[in-house]
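What follows is one structure encoded as C-alpha cells, with my remarks underneath.
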C-alpha cells in the first residue's frame with residue numbers, strides 16, 4: 001500500500017463544505033471505478049498546527065506505484081469531459097497544495113534507494 005497525501009488550503013471565497021462535497025463526489029466516483037483505493041479528508045482542528053501545515057489533509061490509498069500511475073492516466077480528461085468537470089470543481093476551490101507519497105516502513109521490498117544510473 002502507498003499513501004498519496006495532499007495538504008490543501010482553499011481560496012478565500014471557497015466554502016469548506018462545498019469543497020468537501022465536491023471532493024467526495026469526485027473521489028467516490030474514482031473509487032467506484034476502481035481507479036483509487038480508500039480515501040480520507042481531514043481538517044485541522046482548533047487551528048492547532050505549525051505554519052507549514054495546510055488547513056486540509058487528504059489521504060488516498062494505492063496498492064502500488066503502478067496503480068498510482070494508472071490513476072494519473074485515468075484522470076487525464078479534458079475539462080469539457082464530465083469527469084474533468086468534476087475534477088475542476090474541486091481544483092477551482094484550491095489555493096495551495098503540497099503533495100507527498102508515503103509507504104509502510106520498513107518496506108517489504110527492502111529498498112531504500114533506487115537508481116537507474
Query raised in the report: Consider residue 14 against the criteria (1) assigned to a loop (DSSP other than H, G, I, E, B); (2) within 13 Å of the chain's Cα centre (by Cα); (3) modelled with pLDDT of 95 or more; (4) under 20 Å from residue 85 (Cα atoms): it satisfies all of them except one. Which criterion is unmet?
Result: (2)
Report summary line: Those residues of the stretch 63-117 that are touching a helix residue (DSSP H, G or I) at 6+ places or on another chain (Cβ under 7 Å), surrounded by 12 or more Cβ atoms within 10 Å (Cβ to Cβ), farther than 20 Å from residue 38 by Cα and at pLDDT below 90 come to a total of 1
Report task. Output the residues belonging to the stretch 42-51 that are in contact (Cβ under 8 Å) with a residue 12 or more places away in the chain and surrounded by 11 or more Cβ atoms within 10 Å (Cβ to Cβ). Result -> 43, 44
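Yes/no per residue for (1) closer than 13 Å to residue 2 by Cβ; (2) touching a strand residue (DSSP E or B) at 6+ places or on another chain (Cβ under 7 Å):
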{"site": "16", "(1), (2)": "no, yes"}
{"site": "27", "(1), (2)": "no, yes"}
{"site": "64", "(1), (2)": "yes, yes"}
{"site": "82", "(1), (2)": "no, no"}
{"site": "102", "(1), (2)": "yes, yes"}
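Okay, residues lined up against (1) modelled with pLDDT of 95 or more; (2) assigned to a helix (DSSP H, G or I); (3) surrounded by 13 or more Cβ atoms within 10 Å (Cβ to Cβ):
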| residue | (1), (2), (3) |
| --- | --- |
| 9 | yes, no, yes |
| 18 | yes, yes, yes |
| 22 | yes, yes, yes |
| 34 | no, no, no |
| 40 | yes, no, no |
| 53 | no, no, yes |
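The values are calculated or read from the model by the stated rules, or taken from the named source; none is laboratory data. Only a predicted model underlies this, so the values are computations on that prediction, with no experimental measurement involved. Heads up, the Cβs are rebuilt from the backbone with ideal geometry, glycines too, and the neighbour counts pull from every protein chain shown.
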